[in-house]
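The values are calculated or read from the model by the stated rules, or taken from the named source; none is laboratory data. Model, not experiment: these values are computed from the prediction. Here Cβ is always computed from backbone atoms with ideal geometry, including for glycine, and neighbour counts include all displayed protein chains.
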Amino acid sequence: MRLTVDDRHAPEGWQMVPRAPTLEMQKAYFESIDENMQRVQTDLRFGRFDNQRLGYQRMLAAAPKPGGEE
């Protein structure tokens, strides 16, 4: 499967992000990890991978949008 992307469009379910995370993206990730660490230690159904996934989602939400759009 070959994906083609221009500066304005990404395939459904995808998001364009910088090659290296911005400071804002990194802060969002680590804040999420810190917020959920207690839950990782006490909730047997919520593990480290869940925490990583939530951190990644927050990091993507904090990513700058192409063209400077928010």
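Among the residues of region 60-70 satisfying the criterion of being at pLDDT 85 or above and in contact with an Asp or Glu (Cβ under 9 Å, 6 or more places away or on another chain), which is surrounded by the most Cβ atoms within 10 Å (Cβ to Cβ)?
62
Restricting to region 37-70, give me the number of residues that are within 13 Å of the chain's Cα centre (by Cα) and of a type outside the set (D, E, K, R).
Of the residues in that region, 12 qualify.
Are there any pairs, at least 6 apart or on different chains, whose C-beta atoms fall under 7 Å, with the first in region 12-25 and farther than 11 Å from residue 59 by Cβ and the second of a type outside the set (A, V, I, L, M, F, W, C) and modelled with pLDDT under 90, and if so, which?
Here the result reads 16/66, each pair linking region 12-25 to a residue that is of a type outside the set (A, V, I, L, M, F, W, C) and modelled with pLDDT under 90.
Which pairs turn up if I take residues in region 31-49 that are free of Cβ contacts under 8 Å to residues at least 12 places away in the same chain and look for partners that are assigned to a loop (DSSP other than H, G, I, E, B) and surrounded by 11 or more Cβ atoms within 10 Å (Cβ to Cβ) with beta carbon separation below 9 Å, at least 6 apart in sequence or on another chain?
So the pair list comes out as 40/46; 40/47.
What number goes with the only condition from (1) assigned to a helix (DSSP H, G or I); (2) modelled with pLDDT under 95 that residue 10 does not pass?
For residue 10, the exception is condition (1).
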